[in-house]
Structure formats: structure tokens, C-alpha cells
1. Could you list all residues from the range 213-255 that are surrounded by 13 or more Cβ atoms within 10 Å (Cβ to Cβ) and polar (S, T, N, Q)?
2. Look at A231 and say whether it is in a helix (DSSP H, G or I) and within 27 Å of L309 (Cβ to Cβ).
3. Return the residue satisfying two criteria in turn: it lies in the range 103-134 and is under 15 Å from I90 (Cα atoms) and assigned to a loop (DSSP other than H, G, I, E, B), and of such residues it is modelled with the lowest pLDDT.
4. Quick test for you: out of S267, S289, S348, S283, pick the one residue that is under 24 Å from the mean Cα position of the chain (by Cα), modelled with pLDDT of 95 or more and either under 23 Å from I212 (Cβ atoms) or of a type in the set (G, A, S) (or both).
5. Do the conditions hold for L29, that is, is it farther than 14 Å from L57 by Cα and in contact with a Lys or Arg (Cβ under 8 Å, 6 or more places away or on another chain)?
6. Just to be sure before I move on: is L293 under 21 Å from P169 (Cα atoms), surrounded by fewer than 18 Cβ atoms within 10 Å (Cβ to Cβ) and touching a strand residue (DSSP E or B) at 6+ places or on another chain (Cβ under 7 Å) in the structure I sent?
7. Which of the residues that make up the range 3-53 are buried (at least 16 other Cβ atoms within 10 Å of the Cβ), in a helix (DSSP H, G or I), aliphatic (A, V, I, L, M) and in contact (Cβ under 8 Å) with a residue 24 or more places away in the chain?
8. What number of residues within the range 258-283 satisfy the criterion of being surrounded by fewer than 15 Cβ atoms within 10 Å (Cβ to Cβ) and of a type in the set (A, V, I, L, M, F, W, C)?
Amino acid sequence: MEDAKKSQRAIIFFLWKEGVKPVDMFNRLQAVFGDSAESRATVYRWVQHFKSGRDTLKDDPRSGRPRDVITEENVAAVETLLMEDRRITIREIASSIGCSEGAVHSILHDSLGVSKVSARWVPRLLGPEKKRDRKEHCLLLLDLLAQYGDQFWRRIITTDETWIPYYNPETKEQSKEWRKRSDGPPIKARVVPSVGKVMITVFWDCEGIILIDYLPKGQTINAKYYSDILAGPLRTQLAKCRRGKLHSRPLLQQDNARPHTARHTRSVLADLKWELLPHPPYSPDLAPSDYHLFPALKKPLRGIRFQSLEEVKRAINKWIKDTAQEFFEEGLKKLSSRWRKCIDLNGSYIEKYDVNFNE
């Protein structure tokens, strides 16, 4: 590249000596070199240089530290500092090794291929035993899937609890508007969610929602309350809207919350002759309600201020009515790919899943 520039500058010098006008020089360079020809401004600038007595074709030396500061020794020094402190700043590195911040930036990104990233929130810091437990559970679940075949998905009933606030502000993404730059961004108050909220327990399968239980005010979900739902409303609803499912012995998929794993709950499930799928603890990334159902259910409810429980129920029922059956089947069948991903990660959390651990 540098040799090509020098060649064109030599031509400009020759044509200037012949008395050719700069505009004609530029046209002749364009005809020969095409897109790689020097620009019109460059041709005029070099003509002025030659008129001023310049006799060299090299660029003037530039101010600033030369690139030779990016040496193997400096790269090794930066890497050592990173190993000692992953949160060290570029300014601190530059001060430590005695070079510019720009040079450090080049070493970090170009030589070492690193960048500074934020921590990813997870529900719990998993130790080796917990990771092994998650991996073993996923292997067992994949074996069950292979054993039961396609009937596996038809037999599953999955459940979980979540809070539905009477008012939850829109997300930042939802509040975006198309505006001209001169208008500025829209503004919104930082509203604290209202104290009114209701806990719901949702039971669903590949065909859709089976039952939603709304926890009465002042009540808590314990083993007896949860078991009463299983043996009462849920069993009745299954007989009504999922004919044949009770006879095929449902597979109940739930997390390890205390009401779900209590001795009384296990006794009721045994009486019902339902099978309980194993679920590793601290694993919302393997719970269909957490990674699939609840985010989709809550999104259209944001920004709406409900005045009563009946209004909440109507909004949820509308969402159920508007949601296709394929949504539920897709969410449940994602389990198999998530089990495999968890195994591939040796029990670590799956990186991408939409779970709000504060709700």
C-alpha cells in the first residue's frame, strides 16, 4: 500500500515538473489506477508540497507513541495483570506497564482477544455436587423420554406458582416510541409496583391451561392446600377436559418447593397413582413455567392497572383464549433440548433463559 502511494506521488512530481495542471494530473491518475487512485485533494496537496520545495515522497512523522509498544513483553505483562485481577481498568494497566491507554486497548482486544463483560445473574452459585446432581437428573429424564416415547409429552402435567401484581409498569422495551430526534425520548415516572398482588398456581400440558388456582387473601400455600388442589379441582378438571389422561397415569412435573415435596403431598400423589418426574433443585431453567409460560403470560399484563381480582382473572383468561395450542406444546417439548444442553454444560445453568428470579 505504501509503495503504491509513493509511486503515484512520483508521478505527480513528474507531471508537475512538466507543467501539467493538478486537475489534469488527477484525471490521468483516475484513468490508470481507477478506484485506487489518490483523491483530488491529495493530488492538490502534494503539488503544493513540491512547490514549497519538498523533495521526499514519504509521509511526515506523526506525533504519539509508536506501535512498537505492543511487544510480546507488554502483551505478557497485560495478561499477567488480568489473571491477578479480572476487574482491573485500562487506566490501571497503562499506568502499571508504562504505555498509553490506546496501546493497552489494542493489546486487550487484538492481541489477547478479551473484552470486559458483566456478571450473569443465576438463581444460585452451583457447587460440583449440585452440578453433578443436575446432570444426573437430566440423564434420567432423557432415559424416561426414550422409554415412554411420544406418549411421554402427552402424559406430562407441569405446574408452578407465581405472583401477579395488580400493577406492574411496562418494561423499557415496551415503552419505546417512534419519534423524531428533535422531539427527544418519551418520559415516564419510576412507579413502584402496587402492593396489591395475587399468587396463582398454574397447571398446564401440551394442549394448554388445565387449571389456575388463585390463592385467597391471607392464605399461604402449604402441603395440605396444594394437595387439596391436586385431589380436588385438578383431578375434576382433568376428567372433564382431558379425557383418558387420568387412566394413562399423569406424569407430574414440578419444582422442589416445600409444599410440592412434603410427605403429605407424596402420599396424595400415591393415592392418585400419579407419577412424579424427578426435578433437580435450584433449576428454573429446567422448569417450563419459568422459562416459557410465565414470561409470555405476564408481558401483556404490564402497564395495566387492575382494580380487582376479577379484572386480573379476565385479563388472564383473555390471554389463554388468544394463545394457540402450539405455544404450550412447544414450551413443554423444549425440555428435551434443555436437558441435553445441561448435560453438555456438565450441570451448569443454561445461558439463555427468561426467568425473573425476583418474582
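The values are calculated or read from the model by the stated rules, or taken from the named source; none is laboratory data. For clarity, every value in this text was computed on a predicted model and none was experimentally measured. For neighbour counting, all protein chains shown are included, and Cβ atoms are generated from backbone atoms with ideal geometry for every residue, glycine included.
1. N222, S227, Q237, Q253, Q254
2. Yes, satisfied.
3. Going through the qualifying residues, I end up with V117.
4. S289
5. No, not satisfied.
6. Here the answer is no, as L293 does not meet what is asked.
7. I12, V43, V47
8. 1
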